[in-house]
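Since the structure comes first, as structure tokens, the remarks are kept for the end.
The values are calculated or read from the model by the stated rules, or taken from the named source; none is laboratory data. Bear in mind the structure is a predicted one, so any value in this text is a computation, not a measurement. Backbone-built Cβ (ideal geometry, glycine too); neighbour counts: all protein chains shown. Heads up: the accessible areas ignore ligands, DNA and RNA and are worked out on the full protein's heavy atoms, side chains in. Shrake-Rupley method; radii C 1.70, N 1.55, O 1.52, S 1.80 Å.
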Amino acid sequence: MSYRIAVIPGDGSGPEMIAEGLKVLDAASARFGFGVDLTTHDIGTGRYAATGEILPDDVLASLESSDAIYKGPIGARYVGDDVPPGILERGLILELRFRLDQYINLRPVRLYPGVPCPIVGKTPDDVDFVVVRENTEGMYAGSGGFFKKGTPDEVALQTSVNTRKGVERCIRYAFETARARDKKKKLTLVAKTNVITYAGDIWSRVFAEVGEEYPDIERDYAHVDAWCFYVVNNPEWFDVVVTENMFGDIITDLAAAVQGGMGVASSGNLNPEGVSMFEQIGGTAPQFAGQNAINPMAAIGAVQMMLAHLGEAEAASVVEGAMASVFPKLKGMGAGQMGYSTAEVGDMVAAELRG
């Protein structure tokens, strides 16, 4: 079996992280006997600054024909980059999610042995849950506008879009995830039904209706502000969490802190019936670009997620085991704090795979 993988190295420290992920992918393919056909796409801040192009049609066509996309962070190439906010975020990152209908953002939150948790007394047994975030609707759908822009009477509107189809497929995926994990078999809906009443109502109704099809899964609810309080006190309460787009964006960064920081956190933008994209959740860290100091473990974790999604379950399991073996050897999780260079960390994970 051979897989066509589209690679977007990204900006800032992104190419250094992605290089280590590809090093691990190469070791996994050699060990488990599957092929990898890589196509690299130079899109991001550099291309936009040089040509004004964000997502050319030929690049989009190539991405659409791949089996998966492995993506680095997109954003500033260096401190002080003057690309206006939203240009690349909407024109590239969100556009890919929308065009490829990557309607699930999947965020495993796991505390690995040897990774320090900021919550005193919590262990890997306490931090092991998954956030399922709706990925193509909500505030990020881009519905809104201005009235009397630039005047003292200016009005700015940003509308949260929640369709029955979008909500139901996200919630159903979350129930299936809780069933497949086969751990606590508990699904928690995170919303704000007491204030955001219309959107909250459709999420609550669909959650209850779909839940009737999953009698083996316990249903739970938390207001988003309360959930933020709970997760930094009792992360062990959670198994699978489902939420809308903006809330999901916010709480997964908090969850990343609970599991040890951005150097650990990986995510998948999934279209279960189409092309999915895998990445670390952290930014470009341009201040560390070229220093061989950035932590590549989140990017390696994205490779692990990609392999699991492609059906290479054994390879994914072994990569995760290799990561778990390397984490305790690192002095810290932040850039320049590991006690090893970026390349050395990638070498250690790849060496574990080679045995």
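Can you tell me which residue in the stretch 310-355 is most open to solvent (accessible area, probe 1.4 Å), limited to those that are polar (S, T, N, Q) and under 14 Å from Val24 (Cβ atoms)? Before the answer, list the steps.
First pass over the stretch 310-355, keeping only residues polar (S, T, N, Q): 317, 325, 337, 341-342.
Now narrow it down to the ones that are under 14 Å from Val24 (Cβ atoms): 317, 325, 342.
Working: Ser317: 72, Ser325: 51, Thr342: 1 Å².
If we take residues in the stretch 310-355 being polar (S, T, N, Q) and under 14 Å from Val24 (Cβ atoms), then Ser317 is most open to solvent (accessible area, probe 1.4 Å).
Scan the stretch 293-321 residue by residue and report those that are over 12 Å from the mean Cα position of the chain (by Cα), aliphatic (A, V, I, L, M) and under 17 Å from Pro113 (Cα atoms). Spell out how you get there, then give the answer.
Of the residues in the stretch 293-321, the ones over 12 Å from the mean Cα position of the chain (by Cα) are 293-297, 300, 304, 307-321.
Still in the list and also aliphatic (A, V, I, L, M): 293-294, 297, 300, 307-308, 310, 313, 315-316, 318-319.
Across the stretch 293-321, the qualifying residues are Met297, Ile300, Val318, Val319.
Rundown of residues vs (1) under 26 Å from Gly339 (Cβ atoms); (2) open to solvent by less than 10 Å² (accessible area, probe 1.4 Å); (3) in a strand (DSSP E or B), yes/no style:
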residue	(1), (2), (3)
Asp101	no, no, no
Pro113	yes, no, no
Pro118	yes, no, no
Pro124	yes, no, no
Phe129	no, yes, yes
Gly142	no, no, yes
Gly145	no, no, yes
Pro152	no, no, no
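Given the criterion under 21 Å from the mean Cα position of the chain (by Cα), of a type in the set (Gly, Ala, Ser), closer than 26 Å to Gln337 by Cα and surrounded by 20 or more Cβ atoms within 10 Å (Cβ to Cβ), identify the matching residue among Ser276, Ser266.
Of the residues listed, the single one that is under 21 Å from the mean Cα position of the chain (by Cα), of a type in the set (Gly, Ala, Ser), closer than 26 Å to Gln337 by Cα and surrounded by 20 or more Cβ atoms within 10 Å (Cβ to Cβ) is Ser266.
Given the conditions (1) aliphatic (A, V, I, L, M); (2) within 22 Å of Gln102 (Cα to Cα); (3) open to solvent by 20 Å² or more (accessible area, probe 1.4 Å), report the number of the one that Met306 does not fulfil.
(3)
Within the stretch 184-194, count every residue that is within 15 Å of Pro215 (Cα to Cα) and either open to solvent by 70 Å² or more (accessible area, probe 1.4 Å) or of a type in the set (Gly, Ala, Ser) (or both).
1
When you go through Ala308, Ala322 one by one, which is the residue that is of a type outside the set (Asp, Glu), in contact with a helix residue (DSSP H, G or I) (Cβ under 6 Å, 6 or more places away or on another chain) and free of Cβ contacts under 8 Å to residues at least 12 places away in the same chain?
None of the others qualify; the one that does is Ala308.
Residues in the stretch 195-212: is at least one within 26 Å of Asn271 (Cβ to Cβ), touching a residue at least 12 places away in the same chain (Cβ under 8 Å), open to solvent by 50 Å² or more (accessible area, probe 1.4 Å) and in contact with a helix residue (DSSP H, G or I) (Cβ under 6 Å, 6 or more places away or on another chain)?
Taking every residue of the stretch 195-212 in turn, none turns out to be within 26 Å of Asn271 (Cβ to Cβ), touching a residue at least 12 places away in the same chain (Cβ under 8 Å), open to solvent by 50 Å² or more (accessible area, probe 1.4 Å) and in contact with a helix residue (DSSP H, G or I) (Cβ under 6 Å, 6 or more places away or on another chain).
Please determine whether any residue of the stretch 234-253 is farther than 26 Å from Leu94 by Cβ and buried (at least 24 other Cβ atoms within 10 Å of the Cβ).
yes
Show the residue pairs meeting these rules: Cβ distance below 6 Å; 6+ apart or different chains; first residue within the stretch 73-86 and at negative phi and open to solvent by less than 70 Å² (accessible area, probe 1.4 Å); second residue polar (S, T, N, Q) and modelled with pLDDT of 65 or more.
Pro73/Thr284; Ala76/Thr284; Val83/Thr45
Of the conditions (1) surrounded by 18 or more Cβ atoms within 10 Å (Cβ to Cβ); (2) modelled with pLDDT of 95 or more, Ser160 fails just one. Which one is it?
Going through (1) surrounded by 18 or more Cβ atoms within 10 Å (Cβ to Cβ); (2) modelled with pLDDT of 95 or more one by one, Ser160 breaks only (1).
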